Amino acid sequence: MYFPFLRGKQNELLALKNLKDAEILSDSIFPVIEPVKYSKQLVNTLKGLLSEGHNMILIMNPSVGTFIEELNDNEQQMDEILKIMSHPSVTIGYHLNSEAALEELPQLVERCSRTLADTAIFHNNQINLDIYEKIFGEFEARYNFIPDQKPLKRRFRNKNGVIFRDAFIKRTPNAEYLNYEVEWFSSDHLDFEDEEFLGFSDYSIVGKEYAESGFGAKAIAIHVIYPDESNNLWIRHFVSDSNENRADQAGKFGEALSKFVEWYDKTESVLINTQGLNELLDCAKNGNYPGLGMLKRYSIKHHLELIGNMLVKV
């Protein structure tokens, strides 16, 4: 099972919605959504996924953004989210990062009309493991997301553990990717069962680092995940060349896109024939620049569809 961790920003939500609407969101994809702010797009996306029978995890104490503050200031919005959280296909996500969880988590579960068995706990490190034991006693959360640390891996192996990594190496500025055209991404989709975990999770091609909004970059980079002959995953970066200033974003995109098209035409794997990459190819055919937000959406859609296809294949 793949648990992509997506911050609830517009293009991440729309990537899920587009795949759902096209009926290509695999049942092996179990999205984790950490909402950074309340929006109608968030609510509509969640309701749309639930109406199609998709499971999800919604984090109710986000580590970034203004979501909690907005809900606390608006009773109607709070009631709307709590109603969604009461749905049996929704699992309550919670960052276990302080002793406040001893009181806060049981109260949150009660407000959502659920039980502690309906939770997904995100462990930052083993320091707070004793808090988990105090809350759950002899029971377990439905899912335990853990970093690659031996004490946590030993504790949750074969006990609904999900290995959680940031597989995307963020480089700043984007022009740095010219020095790292191809990089290792992950083999967790091949290894998680052998390591006795229920599933695996990452931040897709976005990475853990959070930014409230984007802006025109000196260099535009297209990030594409692809499998090698052994089905290990690699990431390839296609980067513009005219990177002296922020002028002509469309031209920069065209430079990166031409590199992607040349690579795609030489790559034979049917697994990369995804909706997201086909939308990039359409940009090349039509000569249009969709904007950085859409570019991010295409890459996320490709990644989710690719992983869904590979979990069936392997």
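Read-outs throughout are calculated quantities, based only on the coordinates presented, and are distinct from any laboratory measurement. For clarity, every value in this text was computed on a predicted model and none was experimentally measured. Because the Cβ atoms are built from the backbone with ideal geometry, glycine has one as well, and the counts that use them run over all protein chains shown.
Relative contact order of the chain, taken over Cα pairs closer than 8 Å and 6 or more residues apart, is 17 percent. Rounded to the nearest 10 degrees, the angle from helix 10-21 to the longest Cα principal axis of the chain is 90 degrees.
Distance between the modelled labels on LEU50 and LYS170, one decimal in nanometres: 3.1 nm (7 Å Cα→Cβ projection). Counting 0.36 nm for each residue step from SER242 to VAL312 and taking away their Cα separation leaves a gain of 21.1 nm. On full extension, the segment bounded by ALA117 and LYS150 gains 9.4 nm, given 0.36 nm per residue less the C-alpha separation.
Beta bridges assigned by DSSP with both partners in the chain are antiparallel in approximately 30 percent of cases. With helices as the sole contributors, the chain gives -12000 deg cm²/dmol at 222 nm; each DSSP H run of n ≥ 4 counts as -39500 (n - 2.57), and the sum is divided by every residue.
Report the gain in length on full extension from ASP265 to SER230: 0.36 nm times residue separation, minus Cα-Cα distance, nm rounded to one decimal.
10.5 nm
Relative to the first principal axis of the alpha-carbon coordinates of the chain, what is the inclination of helix 249-266, with its axis defined by its Cα atoms, in degrees from 0 to 90 and to the nearest 10? Once rounded, one gets 90 degrees. Once both labels are positioned 7 Å from their Cα atoms along Cα-to-Cβ, the gap between ASP130 and ASN288 label points is 5.9 nm. For the chain, the longest principal axis of the C-alpha atoms and the axis of helix 40-51 are separated by about 80°.
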